[in-house]
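Since the structure comes first, as structure tokens, the remarks are kept for the end.
The values are calculated or read from the model by the stated rules, or taken from the named source; none is laboratory data. Source: prediction; values computed, not measured. Neighbour counts run over all protein chains shown; Cβ positions are idealised from the backbone, glycine included. Only protein heavy atoms, including side chains, enter the accessible area calculation; ligands, DNA and RNA are left aside. Shrake-Rupley method; radii C 1.70, N 1.55, O 1.52, S 1.80 Å.
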Amino acid sequence: METKRVIMDDKAVARAIARISYEIIERNKGTEELCIVGIFSRGVPLGRRIAAKLSELEKNEVPFGALDITPYRDDSRSSAETDKTDIPFDITDKNVVIVDDVIFTGRSSRAVIDALIKRGRPRSIQLAVLIDRGHRELPIRPDYVGKNLPTSHSEVVKVSAVEIDGSDGVAIY
């Protein structure tokens, strides 16, 4: 794939994470009863960073977990891999903020809701994404968005995370 253009560099990603963190604190009136769950794969490092920023700002440890939605997807993906989910806390009666890198059709977000409900009954489920590229197929809208990025169906949005890819950024291919 040929890169069309770089949308966000490492500094823009860091600013978006900070902004999303402040918005989460404002909406939830602090971080009490709040937890962050990142979606594999790039939602995990982004979510971990948001949880760390929230903990730093509020001087209160915000629990973080990682969720594998592969078994809950409605597309033809089948996986012989083991479930990589690691949520070491109870989500019942918590305000759960799901973190994903890109929202496109909304089908991954639907799978997240199914996966979370199997693990408990949260007080609320909120969605934070680094990139919202539109083209929803389901009535799902993120609560927190780093950047709205109108795209065509033929374009591919690639988020890079330093923990996985060696650098932070967003590019369109």
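Can you pull the percent of the chain's accessible area that's carbon plus sulfur, 1.4 Å probe, other chains left in place? Spell out each step's value before the answer.
On the way: 4340 of 9140 Å².
Its accessible area is 47 percent carbon and sulfur atoms.
Skip the ligands, DNA and RNA, and give the accessible area per residue of the chain with a 1.4 Å probe, whole Å². Kindly include the intermediate steps, with their values, before the conclusion.
Working: 9140 Å² over 173 residues.
Each residue of the chain exposes 53 Å² on average to a 1.4 Å probe.
As a quick test, which of the pairs K11/K158; K29/K53; K29/K94 have an alpha carbon distance above 22 angstrom in this structure? Spell out each step's value before the answer.
Numbers: K11/K158 16 Å; K29/K53 15 Å; K29/K94 14 Å.
Pairs exceeding 22 Å: none.
DSSP loop chymotrypsin sites (Phe, Trp or Tyr not before Pro) in region 52-135 with at most 15 other Cβ atoms within 10 Å of their Cβ, which ones? Working shown, then result.
Working: sites: F64, Y72, F89, F104; in loops: F89, F104.
Here the chymotrypsin sites (Phe, Trp or Tyr not before Pro) that fit, given the DSSP loop and packing criteria, are F89.
May I ask you to list the residues of region 48-66 whose amide nitrogen lies under 18 Å from a point 7 Å from Cα along the Cα→beta-carbon direction of K84?
48-50, 64-66
Within the chain, what's the longest run with no GluC sites (Glu not before Pro) in a DSSP loop and at most 16 other beta-carbon atoms within 10 Å? Give the range, please.
Free of exposed loop sites, the longest segment is 82-136.
Below 8 Å, C-alpha to C-alpha, sequence gap of six or more: please give me the relative contact order for region 1-84 in percent. Don't skip to the answer; put the middle values down first.
Details: 80 pairs, mean separation 20.3, N = 84.
Taking the mean separation of contacting Cα pairs over the length of region 1-84, I get 24 percent.
Assign unit charges at the C-beta atoms only (+1 for Lys and Arg, -1 for Asp and Glu), then state the dipole size of region 24-168 relative to its Cα centre in Debye, rounded to the nearest 20.
320
Considering only DSSP beta bridges with both partners in region 1-102, what is the antiparallel share in %, to the nearest 5?
Among the beta bridges of region 1-102, antiparallel pairing accounts for roughly 10 percent.
Enumerate the amide H contacts of G65 below 5 Å, restricted to partners 5 or more residues apart or on another chain; note that Pro and chain-start residues carry no placed amide H.
For G65, whose amide H was placed from the backbone, the distant partners under 5 Å are I36, V37, G38.
Using all C-alpha to C-alpha distances in region 78-173, build P(r) with 5 Å bins and read off the rounded percent in each one.
For region 78-173, the pair-distance distribution reads 3, 11, 19, 20, 20, 17, 8, 2, 0.
State, as an integer percentage, the relative contact order of region 41-173 based on alpha-carbon contacts under 8 Å between residues 6 or more apart.
Values: 216 pairs, mean separation 27.7, N = 133.
Relative contact order comes out at 21 percent.
Just to check I understand the Karplus step: with θ = phi - 60° and J = 6.51 cos²θ - 1.76 cosθ + 1.60, what whole-Hz values come out for region 21-34, glycine and proline as x?
4, 4, 5, 5, 4, 4, 5, 9, 6, x, 10, 5, 6, 10
What list of ³J(HN,Hα) couplings, whole Hz, do you get for region 116-123 from phi and the Karplus terms 6.51, -1.76, 1.60, once you set θ to phi - 60° and write x for glycine and proline?
Each residue of region 116-123 in turn: 5, 4, 5, 9, x, 10, x, 5 Hz.
Give me the compactness ratio for region 9-59, meaning the Cα radius of gyration over 2.2 N^0.38 Å.
Dividing the Cα Rg of region 9-59 by 2.2 N^0.38 Å gives 1.10.
Which trypsin sites (Lys or Arg not before Pro) in region 87-120 pass both tests, a DSSP loop state and at most 15 other beta-carbon atoms within 10 Å?
Listed in order of number, the matching sites are K118.
R119 versus R136, label points 7 Å from Cα toward the beta carbon: distance in nm?
Modelled inter-label distance: 2.4 nm.
Return the inverse of the average 1/r over all pairs of distinct C-alpha atoms in region 59-132, which is the Kirkwood hydrodynamic radius, in Å to one decimal.
Numbers: mean 1/r = 0.0753 Å⁻¹.
Result for region 59-132, one decimal place: 13.3 Å.
What does the helix-only formula give at 222 nm for the chain: each DSSP H stretch with n ≥ 4 adding -39500 (n - 2.57), the total divided by the residues, and the result rounded to the nearest 500 deg cm²/dmol?
-9000 deg cm²/dmol
Give me the aspartates and glutamates in straight-line cross-link reach of K147: C-alpha distance below 13 Å, same-chain residues under 8 apart excluded.
Straight-line reach from K147, under 13 Å: D9, D100, D101, D132.
So what is the relative contact order of region 112-173, in percent, for Cα pairs below 8 Å that sit 6 or more residues apart?
Dividing the mean separation by the residue count of region 112-173 yields 22 percent.
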